[in-house]
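Down below is the structure, laid out as C-alpha cells.
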Amino acid sequence: MSTKRQFLKLGVALSLGLAAFGLTGVAEAWEPKKPIQFVIMAGKGGGADKMARLLQSVVEKNKWSSKPLSPINKPGGSGAEALVHLKNAKDPDHTIMVTLNSFYTTPMRQPKLGVDITKFTPVARMAEDTFLLWVNKDSGITNVDQFVAAAKKAGNNWIMAGTGKLQEDQLLTDFLNAAYGLNMKYIPYKGGGKVAKQLAGNHANSTVNNPSEQEGFYAAGTTVALAGFTDNRLEMFPDAPTFKELGKDFVYYMQRSVVGAPGMSADAAAYYKALFAKVFKSPEWAKYRKKKSLQGDLLQGDALMAYWKKERAIHRAMLKKMGAL
Amino acid sequence: MEILGHLLDGFLVAFEPLNLLLVVIGVAVGLFIGAMPGLGSVNGVAILLPMTFLVPPTSAVIFLAAIYYGAMYGGAISSIMLGIPGASTAVATTFDGRPMALKGLADKALIAAALASFFGGTISILLFTGFAPALAHVALDFGDPEIFALMLLAFATFVGLGGDDIPKTIFSICIGLVFSSVGMDIISGEPRLVFFDIIGFMHGINFLVLAIGIYGIGEMMWTIEVTRGNPKMSEAVVTVERTVSALRELLSTWKTALMGSVLGFFVGILPAAGATPGSLMAYGVAKMTSRKPEEFGKGEVAGVVAPEAANNAASTGAMLPMLTLGIPGSPTTAILLGGMVIWGLTPGPRLFLDETEFVWGLTASLYAANLFAVVINICFIPVFLWMLKMPFTVLAPIIFVLCLVGGYAPTQDMHDIWLMLGFGVGGYLLRKLDYPLAPAVLAIVLGPIAEPALRQSLMISNGDFSIFVTRPISGPITIIAIILIFLPVFQFIRKRSKKNAEAGSI
Amino acid sequence: MRRAELVTAVLMAAFSIYLMWKSAELEVGWVPDEGPGGGAWPFWLAAVMLACTVWIIINWFRKSTAPAQSTARYMDSYAMNMFLLVGGGLFVMIGLVHFIGMYGAIPIFLVYYLRILGRHSWTLTLSTSIGAPVVVFFFFDIAMRIDLPKGYLEPLFFPLYDIFL
C-alpha cells in the first residue's frame with residue numbers, strides 16, 4: 001500500500017517536473033545546492049510571515065525547487081537585523097528574503113547600518129497589500145464624514161491603534177490628521193493582529209489595518225471598513241469608497257516582495273525569478289490574492305528596482321515631513 | 001443537547017482511520033519536539049505546517065493540534081529530567097520537578113506531570129466544549145490596563161519564589177526585566193540597549209537563550225561541582241508498587257489540579273497571556289494555599305501538578321479566541337491561525353456556524369489527543385529513566401550538545417549561542433553566591449508583555465495611573481496584586497520586630 | 001567566599017550603572033500625556049538593581065547572609081579545574097562552530113569530554129561521537145528543516161542534501 005502510494009507520488013513528481021521542464025523549455029543552468037535561506041523580515045504569525053509560509057508551501061507542494069526553502073524570522077529592529085543579515089550573507093546565491101515597506105524606511109532611519117537597498121537583487125514583487133480605515137460597529141459610524149465629525153469632537157482622546165512607530169500605520173494616521181484637521185492619538189502595537197483586536201474590543205476608536213488582519217471581525221460584523229487608501233474600490237468592500245473619490249488624493253500600498261542578497265550571481269537570480277514567476281501564476285497564489293484583496297502585478301528585475309527607487313523617494317519625503325529624519 | 005450531538009459527530013470525524021493515525025503520530029512527534037530543550041510547540045507546529053497541505057483541512061488541524069498537545073506534555077520531560085525548561089510554559093515545572101528527580105523520584109514526577117496534564121487537558125476541553133462561543137468575548141474585554149494588571153498579579157503570586165535573601169531576589173527580577181527590554185522599543189520605535197552596537201541584540205534577548213544558559217549550562221556546572229561529578233539521581237525505578245503509591249499520593253492533589261486547570265484555562269483564553277503566566281500563577285497559588293508551603297521548591301508533588309495542569313488547560317484555552325475571534329492567544333495558535341487561513345477557513349464567530357464539521361472534529365480530536373498523549377507519555381517513562389541511568393560524564397556532554405543545537409534553532413544566530421554561554425557562566429558564578437535565578441527567567445518572559453501594556457495604558461489615559469484601578473476588570477485585579485505583593489513585606493517586618501523584641505528581652 | 005560576595009556585588013553595581021547609562025540613550029523621564037519614555041523601564045529597574053547591590057554590600061558588612069560569613073574558598077581547586085575544563089571545552093566548541101560547523105565541533109567536543117574528562121572506553125566514545133551528530137542531522141537538518149551551520153565543511157553536505165532533501 002505504502003510503496004504503491006510512493007510510486008504514485010514519484011510519478012506525480014516526475015510528471016510535474018517534466019511539465020515544468022517543458023514550460024521553461026531551457027536546460028536548468030543553475031540549481032540550488034543546499035536549502036535556501038528564506039529570511040522573513042517580520043515576526044512569527046504576522047501578515048508577512050503567513051505569506052512567506054504560503055509561498056514556501058506552494059513551492060514545496062509543487063516540487064518546483066530541488067532544495068527546500070527554509071524560513072527564518074528576523075524581525076529585530078524593524079527589519080534592520082534581516083537587512084544586515086542579507087547584506088553580510090556568506091552565500092548570497094542561497095539567501096533570499098520576503099520584504100515589506102520597512103525595506104525603505106529602516107535604512108533611512110538607521111543610517112548606521114550602512115544598508116544600500118539598490119545593491120540588493122530584485123527578484124519579484126508578488127503583491128501590494130492595501131490599507132483601509134476601520135471603526136468598530138458599536139460606534140455607529142458608517143462613512144468618513146461621520147468619522148471626521150466624531151474624531152474632531154473627541155480631539156486628543158480619539159485613539160488610533162497601529163503597528164509600530166513611524167511605520168506605515170502612523171504615516172496614514174498623520175495623513176488623516178493633516179487632511180481632515182484631526183488630532184487623533186496614535187498608539188503603537190506590536191503587530192497587525194493585536195491592532196485589529198484593540199478595535200474589536202473597543203479599546204481603540206479606529207485603525208488602518210490590511211484587509212487580511214480585519215477579515216475575521218469584518219465577516220462577523222464587528223468592524224466596518226470606511227474607506228480605502230487605494231486607486232480603485234476593492235472587490236471585497238464595495239461600499240467603502242477610496243479616499244481619491246472623497247477628494248483626498250492619497251494612495252498607499254504595502255509591497256510584498258521577494259529580494260535576493262546583494263552580490264547574488266546572475267544565474268541564481270534568474271533561477272529565483274523564474275521560480276517566483278511560477279508561484280505568482282499558481283492557482284494557490286491567485287486564490288490567496290483574491291481572498292486578501294491583494295493588488296499589484298508581478299514586477300521583476302529592473303522594473304522592480306525602479307519601483308523601489310520611486311517608493312524610497314516617496315517614503316523619504318513622508319518621513320521628512322513627519323520630522324523623523 | 002445540541003452540543004452533545006455535535007460532539008458525537010465530531011468523534012466520528014476524529015476516529016476516521018486517517019485522523020486517528022495523524023493524532024497518534026502528531027502526539028509522538030510533539031512529545032519529542034517538546035522534550036528537546038530549545039524546541040517547543042511553536043517550532044513543531046511552524047515547521048510541520050507546510051506538510052499538512054497533503055491532507056484535508058480538518059485532518060491537518062487535527063494533526064497540528066496533536067503536535068501542540070504532545071509538545072505541551074513533552075515540555076515537562078526536559079524540565080524534570082534535565083532541569084532545563086524546554087519552553088517557557090514549562091519553567092514552573094522545573095521548580096519542583098527537578099528536585100524530585102534529584103531525590104530519585106523522577107518516575108513519580110513524570111507520572112504526576114503526565115496525569116496532571118491529562119487532568120488539565122480534560123477539564124479545559126470540557127470547558128471548551130460547553131462555553132466556547134460565550135467565553136470568547138471575555139478575551140475581547142481585556143485591553144492594555146487589564147493585561148498589565150494580570151501581569152502584576154502573575155508577579156505577585158511569585159514574590160515568595162526567591163530565596164531568603166531579599167535584595168538578591170529583587171536584583172534577579174530586575175535584571176530579567178531589564179534584559180527583556182533589549183532590542184526594539186515599539187512605542188518610540190528606537191533601538192534600545194543594543195550593547196556595543198552588536199546587531200544580534202536587535203532581536204532582543206530570547207527567553208530560551210537565558211533559560212538554556214542558566215539551566216542547561218550554569219546549573220549543570222553547579223551540579224558537577226557540588227556532586228564532584230557524580231550526582232546520584234539515577235535511583236528511580238518503575239515498579240508497580242511505586243506507581244501505585246505515587247498514584248495514591250496524586251489523588252490527594254486533586255484540588256490543586258482542579259485549581260490549576262481552571263486558572264490555566266481562563267488565563268489561556270486571554271490574548272497576550274498564553275500558557276506561561278497561567279502555569280506560573282497556578283504554581284504561586286498552589287504554594288500560597290498549601291498547608292506546607294516550605295516544601296515547595298524542594299520536591300513537592302503539588303508543585304509539579306499545578307503548573308502542568310495549568311499549562312495544558314491554557315493551551316486549550318488559547319485555541320478558543322483563535323477559533324471564535326481569530327485572535328491568537330499564543331505564538332503557537334498564531335501559526336495555527338495562519339494555517340487555517342491557508343486551508344481556506346476563516347476563523348471568527350461564523351466558524352462555529354459555517355464549519356461545524358471542522359470545529360467539532362477538532363474538539364473531539366482534542367479529547368483523543370489528550371488521551372493518546374497521556375498513554376504514550378507513560379509508556380515512555382521507563383525509556384526516560386533509562387536515559388538518566390547513564391553515567392553523568394556521558395549525560396553531561398550530550399546535554400551540552402543539546403543546548404548548543406537547541407539554543408541555535410529558534411533564531412539561527414551564533415550570537416545567541418555566545419550569549420547563552422555567557423549567561424551560563426554568569427549564572428553559575430552567581431548561583432554559588434545564593435543569587436536566585438528563577439525570578440530572572442520569569443521576568444524575561446513576562447517583561448515584554450508587561451512593559452508595552454503599561455505604557456500603552458498610560459498613553460490612553462494621558463499619563464494617569466488611576467486607569468488601572470478605575471476600570472471594572474483591571475481594578476480588582478490590580479488591588480489583589482498589590483495586596484499580595486506587600487503581604488510578604490508585612491510578614492517580614494512583623495517577623496523582624498518579633499525577633500528584635502525577643503533579642504531585646506534576652 | 002566572603003571576598004567573592006563583595007567583589008560580585010561591586011561588579012554588579014558597576015553593571016547596573018552601565019545599564020542605566022545605556023538606557024539613558026532614550027528618554028528616561030516622563031513624557032507629558034504619554035507616560036514614561038522609551039528608556040524609563042530599563043533605567044529605573046537598573047536603578048533598583050543598583051540599590052539592591054548597595055543593600056547586599058550593607059549585608060556584607062553586617063555579615064547577615066551565609067556567603068558573607070562563609071570562610072570557604074569561593075572556587076576550590078576542584079571547582080576551578082571543572083570550570084576551566086568544562087567551560088573551556090564549551091568555549092572552544094562554540095568557537096569551532098564558526099570554522100568547521102556544528103558537525104565538526106560536536107564530535108570533537110564529545111571525544112574530548114567522553115574520553116579525556118570521562119575516561120570512557122573508545123567504543124562508547126566513538127559510537128556516541130558519531131551517533132550524536134547523525135541523529136542531530138536527521139532531526140534538525142532533514143526533519144525540522146533547520147539549517148545548522150556547516151562552516152568550511154559545507155561542500156561535504158551537498159551529496160547528503162541531494163539524497164535526503
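The values are calculated or read from the model by the stated rules, or taken from the named source; none is laboratory data. Quick caveat, the model's predicted, so the values are computed rather than measured. Every residue, glycine as well, gets a Cβ built from its backbone with ideal geometry; the counts of neighbours run over all protein chains shown.
Okay, here's what the table says:
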{"read-out": "Matching residues in the stretch B:362-387 - criterion: being of a type outside the set (A, V, I, L, M, F, W, C) and surrounded by 24 or more Cβ atoms within 10 Å (Cβ to Cβ)", "value": "B:363, B:365, B:370, B:377"}
{"read-out": "Residue check for residue A:273: touching a strand residue (DSSP E or B) at 6+ places or on another chain (Cβ under 7 Å), surrounded by fewer than 23 Cβ atoms within 10 Å (Cβ to Cβ), of a type in the set (Lys, Arg) and in the same structural domain as residue A:58 (by TED's automatic domain parsing)", "value": "yes"}
{"read-out": "Residue within the stretch B:25-48 that is within 14 Å of chain A (Cβ to nearest Cβ), β-branched (Val, Ile, Thr), out of contact with any strand residue (DSSP E or B) (no Cβ under 7 Å at 6 or more places or on another chain) and crowded, with 24+ Cβ neighbours inside 10 Å present", "value": "yes"}
{"read-out": "Odd one out for residue C:2, checked against (1) modelled with pLDDT under 95; (2) surrounded by fewer than 20 Cβ atoms within 10 Å (Cβ to Cβ); (3) under 20 Å from residue B:443 (Cα atoms); (4) not small (Gly, Ala, Ser)", "value": "(3)"}
{"read-out": "Residue in the stretch A:30-42 that is closer than 15 Å to residue A:273 by Cα, over 16 Å from the mean Cα position of the chain (by Cα), more than 10 Å from chain B (Cβ to nearest Cβ) and not in a loop (DSSP other than H, G, I, E, B) present", "value": "yes"}
{"read-out": "Answer from C:13, C:40, C:47 - the residue that is touching a residue at least 40 places away in the same chain (Cβ under 8 Å), over 30 Å from residue B:396 (Cβ atoms) and touching a Ser or Thr at 6+ places or on another chain (Cβ under 9 Å)", "value": "C:13"}
{"read-out": "Residues satisfying the stated conditions in the stretch B:346-379, i.e. in a helix (DSSP H, G or I) and out of contact with any helix residue (DSSP H, G or I) (no Cβ under 7 Å at 6 or more places or on another chain)", "value": "B:353, B:354, B:371, B:375, B:379"}
{"read-out": "Tally, over the stretch A:211-237, of residues that are facing another protein chain (nearest Cβ under 8 Å) and of a type in the set (A, V, I, L, M, F, W, C)", "value": "3"}
{"read-out": "Qualifying position, being out of contact with any Cys (no Cβ under 9 Å at 6 or more places or on another chain), of a type in the set (A, V, I, L, M, F, W, C) and in a loop (DSSP other than H, G, I, E, B), among B:39, B:22", "value": "B:39"}
{"read-out": "The one condition in (1) among the charged types (D, E, K, R); (2) at pLDDT below 90; (3) touching a Gly at 6+ places or on another chain (Cβ under 7 Å) that residue C:150 fails to fulfil", "value": "(2)"}
{"read-out": "Selection count where residues are at the interface with another protein chain (Cβ under 10 Å from one of its Cβ atoms) and under 27 Å from the mean Cα position of the chain (by Cα), scope the stretch C:152-165", "value": "1"}
{"read-out": "Condition check for residue A:288: touching a Leu at 6+ places or on another chain (Cβ under 8 Å) and crowded, with 20+ Cβ neighbours inside 10 Å", "value": "yes"}
{"read-out": "Matching option when the condition is in contact with a helix residue (DSSP H, G or I) (Cβ under 8 Å, 6 or more places away or on another chain) and under 30 Å from residue B:404 (Cα atoms), among C:97, C:135, C:54, C:48", "value": "C:97"}
{"read-out": "Test result for residue B:387, more than 12 Å from every other protein chain (Cβ to nearest Cβ) and in contact (Cβ under 8 Å) with a residue 60 or more places away in the chain", "value": "yes"}
{"read-out": "Selection within the stretch B:195-211 - at pLDDT 85 or above and either over 30 Å from residue A:114 (Cβ atoms) or under 28 Å from the mean Cα position of the chain (by Cα) (or both)", "value": "B:200, B:201, B:202, B:203, B:204, B:205, B:209, B:210"}
{"read-out": "Condition met for residue B:57 (touching a residue at least 12 places away in the same chain (Cβ under 8 Å) and in contact with a Cys (Cβ under 9 Å, 6 or more places away or on another chain))", "value": "no"}
{"read-out": "Residue check for residue C:9: surrounded by fewer than 18 Cβ atoms within 10 Å (Cβ to Cβ) and not polar (S, T, N, Q)", "value": "no"}
{"read-out": "The stretch A:67-96 - residue that is among the β-branched types (Val, Ile, Thr) and more than 16 Å from the chain's Cα centre (by Cα) and, of those, farthest from the other protein chains (Cβ to nearest Cβ)", "value": "A:95"}
{"read-out": "Within the stretch C:31-57, tally of residues that are among the hydrophobic types (A, V, I, L, M, F, W, C) and at the interface with chain B (Cβ under 7 Å from one of its Cβ atoms)", "value": "8"}
{"read-out": "Qualifying residue in the stretch B:470-481 (condition: crowded, with 23+ Cβ neighbours inside 10 Å and facing another protein chain (nearest Cβ under 8 Å))", "value": "no"}
{"read-out": "Count of the stretch C:13-27 residues which are more than 7 Å from chain B (Cβ to nearest Cβ) and either surrounded by 19 or more Cβ atoms within 10 Å (Cβ to Cβ) or of a type in the set (Ser, Thr, Tyr) (or both)", "value": "3"}
{"read-out": "Lone unmet requirement of (1) facing chain B (nearest Cβ under 7 Å); (2) among the basic types (Lys, Arg); (3) assigned to a helix (DSSP H, G or I) for residue C:145", "value": "(3)"}
{"read-out": "Spans of helices (runs of 4 or more DSSP H) in the stretch B:398-506 with at least 2 residues among the aromatic types (Phe, Trp, Tyr)", "value": "B:414-431, B:474-505"}
{"read-out": "Of residues in the stretch B:141-184 being touching a Leu at 6+ places or on another chain (Cβ under 6 Å) and within 14 Å of chain A (Cβ to nearest Cβ), the one modelled with the highest pLDDT", "value": "B:182"}
{"read-out": "Residue match in the stretch A:148-159 (condition: within 14 Å of another protein chain (Cβ to nearest Cβ), among the aliphatic types (A, V, I, L, M) and in a strand (DSSP E or B))", "value": "yes"}
{"read-out": "Checking residue C:145 against (1) at pLDDT below 90; (2) closer than 21 Å to residue C:96 by Cα; (3) of a type in the set (Lys, Arg), the condition it does not meet", "value": "(2)"}
{"read-out": "Check on residue A:208, within 14 Å of another protein chain (Cβ to nearest Cβ), closer than 22 Å to residue A:104 by Cβ and surrounded by 21 or more Cβ atoms within 10 Å (Cβ to Cβ)", "value": "no"}
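Okay, residues lined up against (1) in the same structural domain as residue C:18 (by TED's automatic domain parsing); (2) among the β-branched types (Val, Ile, Thr); (3) within 23 Å of the chain's Cα centre (by Cα):
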residue: C:51; (1), (2), (3): yes, no, no
residue: C:81; (1), (2), (3): no, no, yes
residue: C:94; (1), (2), (3): no, yes, yes
residue: C:100; (1), (2), (3): no, yes, yes
residue: C:114; (1), (2), (3): no, no, yes
residue: C:125; (1), (2), (3): no, yes, no
